[in-house]
Structure formats: C-alpha cells, structure tokens
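**Q** Got a structure here, written out as structure tokens. Questions coming.
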Amino acid sequence: MIPVLKLALVRARGRLISLSIGVAVFMFLVGLSYAAVDQNTVRELYDSLPPALRAFSGAADIASPGGYLGSTFIHPVPLVIQGAIAISLATAPARDLDSGLAELILSRDLSRRAWLAAHAIATGLSLLLVGLAATAGALVSVLVVEDLGSIAMADLAKVTVGTLLTFFSIGGIALLCSAVIRSGARAVGWAAGITVVMYALNYLAQVWKIAEPLGPLSVFHYFDPGVILSRGQLDTSDVVALALIAIATTVAAHVVIAWREIAG
C-alpha cells in the first residue's frame, strides 16, 4: 500500500508544488488589495449589484474584513485549483485501469481496497497541502494589511477546516466515480460534471426561490468562509454534513471496487 501511496504523490508532485504556490500567491494578493479599497465605496457598490451577482460572494458583508477575505476562498481561482487537485488525484485509479497499470500493480500481494485506499490517502494529503497553502497566503495578508488585523487566527483555522472538508467531499465523489467507471477520461468528466452541477445548485438556491430546497444537495451549501470569518463560527451541522459526504462516498468506492471487474 505504501509504495502505491508514494507513487501517487510522486506522479502529482509537479501539480502540487505549482498549484500550492499559485493559490498561496493569489490569496495573498487579494488580501493585500483590501488596503487599497474604501469600505464604504465597496459596500455601496456591492449593495447596488443585483442579487444574482451578490450571491457569488456568499452571505457575508463583502466590505467587512472577514467578508472580503472570506470571499477569496470561494473565488473561482482557488475553487478550480483545489477542485482540480481533488478530481485529478481521486480519479487516478480509473486512469490506471484504463492504461492497464492497475492490473500490473494488483498482480502483486495487494488487495483492491488497499490499492484504492492508497489513492484516497494521497488525495487527502494533496488537498491538505494545497489547502494549507491557501490559508498561509491569507494569513500573510492578515499580518501585513492593518485593516485585516481584526481577523482572528482561530477563525482562519475554522475556514481551513471547512475548505478541507468541502474538497474532501469532492474527492470522495471523484473516488467513487473512479471505482465505478473504468475509463479515466469518463471518470474525470463525471466527477467534474457533478462538481459543476453542485456549484450551480448552490448558486441557484441563493437567487431562485424555487431552487432553494435543492441547496442542501450541494457540498458548497455547507461552506461560506465569509460568514465564518465575520462571525467566528463554523456550524457543527455543516461539519457533520461534509464529513458524512466524504466518508460515505469513500466507503462506497471501496465497496464497489471489491466486486467490480478489473481486467479489460
């Protein structure tokens, strides 16, 4: 199991290093920009926007330090970076099945579940690295920008927990796709498609009354970093919901991989 874990991390090391640096720099630069804005101007501009546009920044006051920095965590750039890591690492088993590498690895004394577990652990460690890099970039901006000084380190830690649980859930969904679908390209497509649909559901639930009941079907429904940084509170119900999604999908993937056909 350990060799498979090491191999998965080695194969992804280039992506992990470049994307970790990229997301950290992005978080820092956006946080740094808060020193150049006037809060009242930002609030007036924000209030003048239609609800459909305001929904992209979450429920917090974007002009406040917590709301401004929190909105950075749900900006498309960090979302795409962390989503890409989750999906690319978690669907590696499907790509190995596609290429025949999985058959070679499983010909040794290694169970299918242990093989899949190694990829699940590699996905979790990779998300932890990128998530901590994002938090580190935000933390540096808090230390440098005086206007962000009211943001507590403990609240940033709560946002980190929420971020990791959100993308662990996406990783679990991608791992399940990888266990069900043999083709690597199709597994990536399904995982990415489900993630995009969940993002759209969360957005629609905020701007369209009819779609509001569908909000809980999205993992993004349980994560609003602007609210966490503004109120200093990460709801236990959100933590439980995200943890259950991540665990349930990962367990389901291990159940499926135990009985599905491996050989082409």
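The values are calculated or read from the model by the stated rules, or taken from the named source; none is laboratory data. A quick note: this is a predicted structure, and the numbers were derived from the prediction, not measured. Ideal geometry is used to build each Cβ from the backbone, glycine not excepted, and the neighbour counts take in all protein chains shown. These area figures cover heavy atoms from the full protein model, side chains too; ligands, DNA and RNA do not enter into them. Shrake-Rupley method; radii C 1.70, N 1.55, O 1.52, S 1.80 Å.
**Q** Taking segment 12-69 on its own, how many of its residues are of a type in the set (Lys, Arg), surrounded by 15 or more Cβ atoms within 10 Å (Cβ to Cβ) and at pLDDT 90 or above?
**A** 1
**Q** A further question follows. Within segment 92-116, take every residue that is modelled with pLDDT of 85 or more and either touching a strand residue (DSSP E or B) at 6+ places or on another chain (Cβ under 6 Å) or of a type outside the set (D, E, K, R) (or both) and give me the one that is farthest from Arg15 (Cα to Cα).
**A** Ser111
**Q** Quick check on my filter: what residues within segment 185-202 are more than 22 Å from Gly131 (Cα to Cα) and either touching a Ser or Thr at 6+ places or on another chain (Cβ under 6 Å) or open to solvent by 50 Å² or more (accessible area, probe 1.4 Å) (or both)?
**A** Ala185, Arg186, Ala187, Trp190, Val197, Leu201
**Q** Of all residues in segment 76-105, count the ones that are surrounded by fewer than 24 Cβ atoms within 10 Å (Cβ to Cβ) and within 17 Å of Val197 (Cβ to Cβ).
**A** 5
**Q** So which helices (runs of 4 or more DSSP H) are wholly in segment 55-115 and hold at least 2 residues that are within 16 Å of the chain's Cα centre (by Cα)?
**A** In segment 55-115, 65-73, 76-90 are the helices (runs of 4 or more DSSP H) which contain 2 or more residues that are within 16 Å of the chain's Cα centre (by Cα).
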